[in-house]
Amino acid sequence: MPAHPLYDAVAVGCGPSNLSFAALATEVPGLRIAVLESDTAMRWHPGLMLPGAKLQVSPWKDLVSLASPTNPHSFLNYLVSSGRIHRFLVSSRSAVSRREFEQYYAWAADRVGTVRFGQTVRSVERAPEGFRVHTDRATWRARNLVLGAGRPPRVPAQTRPFLGDGVFHAHDYLRAPRRTGGARVLVVGGGQSAAEIVNHLLSGPGALPSELVWATGRIGLPPLDDSPFSNDWYTPGAVRHFHRAGPKVRARLLEALTYTSDGVSEDLLADIYRRLYELDYVDDTAFRHAVLPGYRLDQLGRAERGYEAVLSGTGPGDERLAAVDTVILATGYASGPPAFLAPLLDELPRHDDGNFRTRADFRLDTETAPAPPGELTGTGGIWVQNAARHSHGVADPNLSLSAWRSAVILNSLTGRQVFRTDGFDTTFDFEPAGGPAPALRAHAVPALDEGTFLP
């Protein structure tokens, strides 16, 4: 198996986070990185790329702009380079489609020059030079690692024996032909993915079931809290504030802020409600539906035709039986270390609950060797993307701070301030106790220096 030259960092996974890392790394002369992606092309949740699906964040929270607004891998530059900028502005859309952002990601992945597709990482081991990353096709040598592999779908244990064409996770909704038209369909889950699938079932050509049961799991279908003060929790100051807090405060904050990231877009809820009204009173269909707030899938078994599901409500004895042909599990994604880290797990620092102990700069709490003379980076560091919600807050898995987080990681990796990552204003005062009141702070306008804002 061929071995590659020594890289300063190998990033595992090419989702938006590590693609942001690669795009910003183009501004660090001499930094040698490679981004390994198992897929053969840049795809962003292809199983859920439903028609009309929208971003839930501003398009200016792209790969680079909030860390380096003049970086050529911005969404704005993509719009100009593709010749669509004026039509994009004239269209006056309130939200950008996820499909268009996937096109932007593919454009950026092609331009950065460091993404290697078709490289499925099987294991990672320590080596004198740092790490060796083994894929199906080669061994990659790296001083440091940046982990950004996607999380696996969370599949309830009672459904695993039945996984296949009739029972599947939402992650796979569009990956294979699904017969839902005229069928009896159960959707499990009450988040954005569940709502997008329900909307597609109700409105997509040939997708309308004869019966739809939607077990939301939640009490009602709470909308995404996209209000201004809630969005202040998706800022660098809020992340620093969260990381300084103790475990009990962090847990309370995560619970209180759940629907700032895990609610359903209000426009989508309105579309679903309106469509159900039309199907009930206006359209000439034999469609039947039951939207069950607070109900969860408790048991699943095979029936003479399809499956029988036991759905449990919020009260004792509050159960319903549903005879269905198809079960769609919009049950989110599992946490935990990826399988390829198995050779290193015993030495990696973790809390009692299994989560990694992660420093403020997103590096695992391990010792590293300093940079050798003439080199840009030290050796032995492991940084994580989208694996620090427990230590860095609700913004960690969100697109909002991808560029900022990658900038923090690059500053830490190189041991110097390449990008400005602190000193941004927020309306909430996230300063440590005893810090100056906002009205007493000096607000100096930073200078623009060669494409990046420096303090």
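Where a number appears in this text, it was derived from the coordinates with a stated rule and is not lab data. Predicted model only: the values in this text are computed from it and were never measured. Ideal geometry is used to build each Cβ from the backbone, glycine not excepted, and the neighbour counts take in all protein chains shown.
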Which one, Gly204, Phe430, Thr70, is farthest towards the positive end of the dipole of the chain when Lys and Arg carry +1 and Asp and Glu -1 on their Cβ? Thr70
Charges only on Cβ, +1 for Lys and Arg, -1 for Asp and Glu: so what's the dipole of the chain about the Cα centre, in debye to the nearest 20? 660
Percent relative contact order for the chain, counting Cα pairs under 8 Å at least six residues apart, stands at 22
Return the Rg/Rh value of the range 314-364, two decimal places, where both radii are evaluated on C-alpha atoms and Rh is the Kirkwood radius. 1.25
Selection from His241, Gln385, Tyr277, by position along the positive dipole direction of the chain (Cβ): Gln385
Can I get the semi-axes of the chain's equivalent ellipsoid? Compute them from the C-alpha gyration tensor as square roots of 5 times the eigenvalues, in angstrom, largest first. 40, 26, 23
Cut-off is 10 Å between beta-carbons; in what order do Glu431, Glu37 appear when sorted fewest neighbours first? Glu431, Glu37
Computed over the Cα atoms of the range 298-445, the Rg and Dmax in Å are 23.5, 73
Rounded to the nearest 10, the angle in degrees between the Cα long axis of helix 192-203 and the longest principal axis of the Cα atoms of the chain comes to 40
Between the Cα axis of helix 266-281 and the main Cα principal axis of the chain, the angle (0 to 90°, nearest 10) is 10
For the range 59-145, with only Lys/Arg (+1) and Asp/Glu (-1) charged at the beta-carbon, what is the dipole magnitude about the Cα centre, in debye rounded to 20? 80
So for the range 1-126, what percent of the C-alpha to C-alpha distances run longer than 20 Å? 48
So how do 247-258, 126-137, 319-330, 141-152 stack up, highest first, on mean other-Cβ count within 10 Å? 141-152, 319-330, 126-137, 247-258
Theoretical gain in end-to-end length, Ala138 to Ala339 [0.36 nm per residue, Cα-Cα removed]: 70.6 nm
Report the label-to-label distance for Asp284 and Ala41 in nanometres (one decimal), using points 7 Å from each Cα along the Cα→Cβ vector. 4.3
For the range 143-172 and the range 77-109, distance of Cα centres in Å: 30
Return the calculated 222 nm mean residue ellipticity for the chain, to the nearest 500 deg cm²/dmol, obtained by summing -39500 (n - 2.57) across DSSP H runs with n ≥ 4 and dividing by the residue count. -6500 deg cm²/dmol
Looking at the square roots a ≥ b ≥ c of the eigenvalues of the Cα gyration tensor of the range 339-403, which shape do they give, rounded for a/c under 1.5, prolate if a/b is larger than b/c, or oblate? oblate
Of all DSSP beta bridges located in the chain, what percent are antiparallel, nearest 5? 45
May I ask which residue of Gln192, Leu268, Ala342 lies farthest towards the positive end of the charge dipole of the chain, with charges of +1 (Lys, Arg) and -1 (Asp, Glu) on Cβ and the Cα centre as origin? Ala342
Suppose we keep just the DSSP beta bridges with both residues in the range 1-129; what percent of those would be antiparallel, to 5? 10
Convert each backbone phi in the range 412-422 into a coupling constant with the Karplus relation 6.51 cos²θ - 1.76 cosθ + 1.60 (shift: θ = phi - 60°), then list the ³J(HN,Hα) values in order as whole Hz, x for Gly and Pro. 5, 4, 8, x, 8, 8, 6, 10, 6, 10, 9
Going 7 Å from the Cα of Trp60 along its beta-carbon direction, which residues of the range 74-114 have the amide nitrogen within less than 16 Å of the resulting point? 74-80, 89-90, 92-96
